[in-house]
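A.B. asks: Have a look at this one.
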Ligand SMILES: [Zn+2]
């Protein structure tokens with residue numbers, strides 16, 4: 001059973017571990033689950049965390065976290081929307097805004113604990 005993500009999903013960037021990031025889905029405008037848009041691997045993360053590695057490198061001057069995504073791993077490689085793979089709970093990415101890429105992982109699916117089956 002795969003746990004798909006919706007527009008209410010929360011992500012964590014290890015460069016700013018205390019902050020939850022939400023996202024913008026740029027391709028899927030129609031396919032919903034429980035009334036919420038399902039996420040594809042075309043999402044962009046939105047957040048205003050403090051990038052700890054960059055802040056450290058700038059001798060403590062706070063640098064906002066603006067995640068730069070490398071590419072999603074562990075997506076659902078079967079289901080597609082508009083040619084894009086769907087994100088699931090185990091999907092992960094790397095933030096390349098930092099001197100050394102750090103992991104970005106899913107904190108919450110955004111489906112209120114209710115999941116739907118992909119297979
Ligand atoms: Zn980041």
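A.B. asks: Compute the orientation-averaged projected area for the chain from the convex hull of its Cα atoms and round it to one decimal in nm².
C.D. replies: 6.9 nm²
A.B. asks: Please give the length that would be gained between residue 82 and residue 44 if that part of the chain were fully extended, namely 0.36 nm times their separation in residues minus their C-alpha to C-alpha distance (nm, one decimal).
C.D. replies: Here the segment from residue 82 to residue 44 would lengthen by 12.0 nm.
A.B. asks: Efficiency by 1/(1 + (r/R0)^6): what FRET value for residue 59 and residue 20, r their Cβ-Cβ distance, R0 = 25 Å, to the nearest 0.05?
C.D. replies: Taking R0 as 25 Å, the efficiency between residue 59 and residue 20 is 0.40.
A.B. asks: Calculated FRET efficiency, residue 36 and residue 66, Cβ-Cβ r, R0 22 Å, to nearest 0.05?
C.D. replies: Result of the calculation: an efficiency of 0.35.
A.B. asks: For 85, 11, 21, what ranking results if the residue with the fewest other Cβ atoms within 10 Å of its Cβ goes first?
C.D. replies: 85, 21, 11
A.B. asks: For the chain, set up a Gaussian network in which alpha carbons nearer than 10 Å are linked by springs, and say which option among 106, 31, 43 fluctuates the most.
C.D. replies: 31
A.B. asks: Can you compute the modelled spin-label distance between residue 8 and residue 27, with each label point 7 Å from Cα toward Cβ, in nm?
C.D. replies: 2.5 nm
A.B. asks: If you don't mind, there's one more thing I want to ask. Run the simple label-point estimate for residue 73 and residue 96 please: 7 Å along Cα→C-beta, distance reported in nm.
C.D. replies: 1.4 nm
A.B. asks: Can you give the helix-only mean residue ellipticity at 222 nm for the chain, where every DSSP H stretch with n ≥ 4 adds -39500 (n - 2.57) and the sum goes over all residues, rounded to the nearest 500 deg cm²/dmol?
C.D. replies: Theoretical 222 nm ellipticity from helices: -1000 deg cm²/dmol.
Read the figures in this text as sums done on the coordinates, not as results from a lab. Values in this document were obtained by computation on a predicted structure and should not be read as measured data. Every residue, glycine as well, gets a Cβ built from its backbone with ideal geometry; the counts of neighbours run over all protein chains shown.
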